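Below is one structure, written out as structure tokens; comments come after it.
The values are calculated or read from the model by the stated rules, or taken from the named source; none is laboratory data. Quick caveat: nothing in here was measured; it's all calculated off a predicted structure. Ideal geometry is used to build each Cβ from the backbone, glycine not excepted, and the neighbour counts take in all protein chains shown.
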Amino acid sequence: MCGIAGILHRDGTPVDPDLLVRMTRILTHRGPDDEGYYVHGRLWWPPPTQCAASPKTLPDSTSSRLQDVPTSRPLDSPLSAAHSPIALGHRRLSIIDLHSGRQPLANEDGSVWVVFNGEIYNFLELRAELMGRGHRFRTRTDTEVIVHAYEEWGTGAVSRFRGMFALALWDARKGRLWLVRDRLGKKPLYYAEWGKKFYFASEIKAILEALEGIPRVDETALSDYLSLQYIPAPKTIYRDIRKLPAGHEAVISASGMALRSYWDLSFQSPAHGRREEDLAEELHGLLQEAVRLRLISDVPLGAFLSGGVDSSAVVALMAAASQEPVLTNTIAFDTEDYDEAPFARRLARHFSTDHHEFRVTPQSLPVIDTLAWHYDEPFADPSAVPTYYVSKMARQVVTVALSGDGGDENFAGYSRYRFDVAEERVRRIVPRVLRRALFGPLAGWFPKSPGVPRFLRAGTVLSNLARDPEEAYFASMSGMPEEDKHRLLNGRLRGALKDYRTKDLFRDLYRRAPARDHLSRLQYIDFKTYLCEDILTKVDRASMAVSLEVRCPILDHVLVEFAAGIPWRFKLNGLQGKHIFKKAVRRSVPAHVLERHKKGFAVPVGAWFRGELKEYARSLILEGEGTRRFLDGRVATSLWQEHQQGRRDRSMELWTLLMLNAWARRFLL
């Protein structure tokens with residue numbers, strides 16, 4: 001795992017090498033082991049004594065200004081004399097071929113250069129094929145495979161890569177820069193065009209280092225964030241900086257940028273006619289293979305273990321494939337309803353793992369400032385807190401950890417899928433006009449009760465029945481109702497955004513989803529939004545903050561494509577989600593895990609807001625820069641008081657405002 005950055009001047013003017021070094025060194029947490037730079041014709045790998053260590057302000061500083069981060073200048077570098085429109089920078093976390101895998105890396109004649117973040121798990125297979133075609137290799141790295149694969153197959157090489165990756169490749173002969181992001185968006189890649197200057201990097205903060213002043217806030221992205229607690233691609237919080245979407249590539253040359261999708265997930269070829277038992281058997285084999293591929297490493301590796309079926313399956317297969325005890329890590333909470341540590345301990349004993357545990361308490365929450373720095377933009381999934389701490393704990397003993405992420409999206413594990421599928425059955429029976437006329441008004445008779453199970457919330461059910469399916473799913477996924485969001489915005493933004501609707505994103509994805517059934521369309525929405533922009537973003541930033549690589553075998557794209565073809569009734573069987581996945585792993589995972597009710601990776605922030613976190617949160621939410629710039633302070637105060645007085649659980653809305661203000665304090669002041 002690494003950090004990459006680069007600059008291309010499309011008008012041919014020379015880049016500033018010192019700027020490249022500053023952009024790259026601000027990513028030191030992603031790659032603390034080494035650094036390298038290429039400016040056309042010149043390559044510089046600073047000796048270890050000159051490689052900038054992680055800046056002292058990271059990751060635990062409360063410094064609020066990007067400009068406060070110290071970055072060394074390459075005063076004695078050979079780059080200062082280079083005159084080139086292209087520059088590539090790399091920070092390395094050494095995992096494979098520790099001694100000869102330095103980047104940037106080139107082909108034999110120096111006409112193709114690459115910087116790469118991630119892992120190509122099938123690189124040994126590709127390497128053998130390329131050697132058979134006459135290519136010669138100097139290292140054992142997957143990075144060099146990318147270079148030769150490009151020589152052999154051009155940009156079509158990406159279809160052969162099995163892994164997680166974000167890469168930038170400079171083709172000197174064609175005078176073009178090729179950017180690629182993996183199919184599911186496990187690895188991040190951002191870019192900005194500033195006149196004829198093009199910048200890219202693994203994180204937004206590196207691009208901010210290059211831009212003059214603080215870029216303009218994208219107000220539609222702010223609206224998206226308040227609804228979803230993350231910002232969906234291609235937007236970022238800044239109008240002038242964009243995410244390269246998952247499964248996309250971009251080619252940048254003197255004539256401009258061409259962006260295209262090279263992969264999409266299709267649910268249109270279900271395995272009709274195949275027996276459930278046969279599908280479960282094949283699924284088990286694919287999961288075994290996915291875990292095996294992710295055990296390739298020249299450094300110690302371990303796993304996250306929550307006590308749920310997904311991480312248990314991964315640890316079970318790791319234990320079966322390993323001669324040594326698996327190093328497992330879990331998070332504990334003092335609040336029993338949220339604590340899965342006892343289940344994880346039981347599983348650790350079952351699999352004979354070397355188990356480690358960290359307890360998250362309100363005293364752990366000074367990390368909020370750290371998270372605001374690492375996420376670069378507002379991000380309000382509270383489970384980022386335990387993810388950061390379990391990563392920090394794991395990093396003390398390993399460099400790589402496997403996780404169970406992806407099981408719920410692949411196999412319909414979330415309870416919301418069950419409710420939305422049941423509601424859709426009613427929608428299909430009752431005409432739309434009647435639903436809107438009958439269920440909508442009835443919903444208003446029932447009080448809002450977000451703290452009770454969804455099937456008991458009559459108002460929520462009736463409101464969803466009155467809506468179109470994609471609108472109902474948006475309501476299920478939104479942490480802040482639309483009417484509350486518009487009340488919360490200040491007068492200027494309320495007017496500017498009066499015609500903007502975040503839910504249109506869900507409508508468009510639902511309607512163009514390559515799927516035949518309702519559940520598959522919902523899964524498609526999640527793959528394009530929640531999985532990529534919330535779950536995978538959370539894991540990448542929290543783990544990279546402590547220089548830990550996390551691998552997700554259940555999100556192997558071959559397994560994902562297979563799962564998409566499984567008929568929906570095998571995933572959602574009555575009230576049981578993940579039905580076929582549980583069937584596939586039952587030989588490996590104890591029965592008590594398969595039968596236990598899913599808890600999820602939740603955090604007791606509601607209680608924290610009324611307890612130890614109260615004064616810190618009140619001050620930041622009600623007096624913070626984000627509230628002053630974007631929100632109606634009276635409405636924010638009302639939300640706070642409702643929660644404090646126990647009239648309504650506003651924990652999700654308040655966490656959203658807390659992280660908005662934490663970001664604003666870091667990046668806007």
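Scanning segment 81-129 for residues that are at pLDDT 90 or above and hydroxyl-bearing (Ser, Thr, Tyr), which turns out nearest to the chain's Cα centre (by Cα)?
It comes out as 121.
Assess whether residue 589 counts as being part of a helix (DSSP H, G or I), closer than 30 Å to residue 352 by Cβ and not aromatic (Phe, Trp, Tyr).
Here the answer is no, as residue 589 does not meet what is asked.
So which residues in segment 170-191 are assigned to a strand (DSSP E or B) and within 23 Å of the chain's Cα centre (by Cα), if there are any at all?
The answer is 178, 179, 180, 181, 190, 191.
Pick from 483, 561, 471: which is surrounded by fewer than 22 Cβ atoms within 10 Å (Cβ to Cβ), without any contact (Cβ under 8 Å) to a residue 12 or more places away in the chain and part of a helix (DSSP H, G or I)?
Going through 483, 561, 471 in turn, the sole match is 483.
Here is a check on your reading of the model: is residue 280 in contact with a Lys or Arg (Cβ under 9 Å, 6 or more places away or on another chain), part of a helix (DSSP H, G or I) and at pLDDT 95 or above?
Working: in contact with a Lys or Arg (Cβ under 9 Å, 6 or more places away or on another chain): yes; part of a helix (DSSP H, G or I): yes; at pLDDT 95 or above: yes.
The answer is yes for residue 280.
For segment 204-222, does any single residue satisfy the condition of being polar (S, T, N, Q) and either free of Cβ contacts under 8 Å to residues at least 24 places away in the same chain or under 27 Å from residue 548 (Cβ atoms) (or both)?
no
Which of the residues belonging to segment 184-203 are surrounded by 22 or more Cβ atoms within 10 Å (Cβ to Cβ) and not charged (D, E, K, R)?
Those that are surrounded by 22 or more Cβ atoms within 10 Å (Cβ to Cβ) and not charged (D, E, K, R): 184, 185, 188, 189, 190, 191, 198, 199, 200, 201, 202.
Taking segment 457-505 on its own, how many of its residues are hydrophobic (A, V, I, L, M, F, W, C) and modelled with pLDDT under 90?
So the first thing to find is which residues in segment 457-505 are hydrophobic (A, V, I, L, M, F, W, C), and the list is 458, 461-462, 465-466, 472, 474-475, 477, 480, 488-489, 493, 496-497, 505.
With modelled with pLDDT under 90 added as a condition, the list becomes 458, 461-462, 465-466.
Qualifying residue count, segment 457-505: 5.
Can you go through 266, 223, 261 and tell me which one is surrounded by fewer than 22 Cβ atoms within 10 Å (Cβ to Cβ) and either within 30 Å of residue 198 (Cα to Cα) or among the aliphatic types (A, V, I, L, M) (or both)?
Matching residue, one of 266, 223, 261: 261.
Where the second residue is hydrophobic (A, V, I, L, M, F, W, C) and part of a helix (DSSP H, G or I) and the first is under 14 Å from residue 221 (Cα atoms) and in the same structural domain as residue 626 (by TED's automatic domain parsing) and lies in segment 490-509, which pairs have Cβ atoms under 8 Å and are six or more apart or on separate chains?
No pair meets every condition.
List the number of the failed condition for residue 586; all other conditions in (1) in contact (Cβ under 8 Å) with a residue 40 or more places away in the chain; (2) surrounded by 16 or more Cβ atoms within 10 Å (Cβ to Cβ); (3) closer than 30 Å to residue 286 by Cα hold.
It fails just one condition, (1).
Would you pick out the residues in segment 145-168 that are over 19 Å from residue 248 (Cα atoms) and free of Cβ contacts under 8 Å to residues at least 40 places away in the same chain?
Of the residues in segment 145-168, the ones over 19 Å from residue 248 (Cα atoms) are 145, 148, 151-152.
Hits for segment 145-168 are 145, 152.
Sort out for me the helices (runs of 4 or more DSSP H) sitting completely within segment 335-397 that have 3 or more residues that are surrounded by fewer than 17 Cβ atoms within 10 Å (Cβ to Cβ) and either basic (Lys, Arg) or at pLDDT below 95 (or both).
In segment 335-397, the matching helices (runs of 4 or more DSSP H) lie at 341-351.
Hey, among the residues in segment 287-306 that are outside any strand (DSSP E or B) and among the aliphatic types (A, V, I, L, M), which one's surrounded by the most Cβ atoms within 10 Å (Cβ to Cβ)?
Here the residue is 305.
Can we say residue 311 is surrounded by 18 or more Cβ atoms within 10 Å (Cβ to Cβ), among the hydroxyl-bearing types (Ser, Thr, Tyr) and part of a helix (DSSP H, G or I)? Walk me through how you get there before you give the answer.
Values: surrounded by 18 or more Cβ atoms within 10 Å (Cβ to Cβ): yes; among the hydroxyl-bearing types (Ser, Thr, Tyr): yes; part of a helix (DSSP H, G or I): yes.
Answer is yes for this residue.
Given the condition at pLDDT 95 or above, of a type in the set (Val, Ile, Thr) and more than 20 Å from residue 384 (Cβ to Cβ), answer yes or no: does some residue in segment 630-639 qualify?
Of segment 630-639, the ones at pLDDT 95 or above are 630-639.
Checking the rest, the ones that are also of a type in the set (Val, Ile, Thr) come to 635, 637.
Those left that are additionally more than 20 Å from residue 384 (Cβ to Cβ): 635, 637.
Checking segment 630-639: at least one residue is at pLDDT 95 or above, of a type in the set (Val, Ile, Thr) and more than 20 Å from residue 384 (Cβ to Cβ).
Can you give me the number of residues within segment 1-26 that are within 18 Å of residue 113 (Cβ to Cβ) and surrounded by 21 or more Cβ atoms within 10 Å (Cβ to Cβ)?
Final tally of qualifying residues: 13.
Note down all Cβ pairs under 7 Å where the first residue falls in segment 398-409 and is crowded, with 24+ Cβ neighbours inside 10 Å, the second is among the small types (Gly, Ala, Ser) and assigned to a loop (DSSP other than H, G, I, E, B), and they're at least six residues apart or on different chains.
What qualifies is 400/297; 407/413.
Got at least one residue in segment 15-31 being more than 29 Å from residue 392 (Cα to Cα), modelled with pLDDT of 90 or more, in a loop (DSSP other than H, G, I, E, B) and not aromatic (Phe, Trp, Tyr)?
Initial filter on segment 15-31 (more than 29 Å from residue 392 (Cα to Cα)): 15-19.
Remaining after also requiring modelled with pLDDT of 90 or more: 15-19.
Now restrict to residues that are in a loop (DSSP other than H, G, I, E, B): 15-16.
Checking which are not aromatic (Phe, Trp, Tyr) leaves us with 15-16.
Checked against the condition, which is being more than 29 Å from residue 392 (Cα to Cα), modelled with pLDDT of 90 or more, in a loop (DSSP other than H, G, I, E, B) and not aromatic (Phe, Trp, Tyr), segment 15-31 yields at least one hit.
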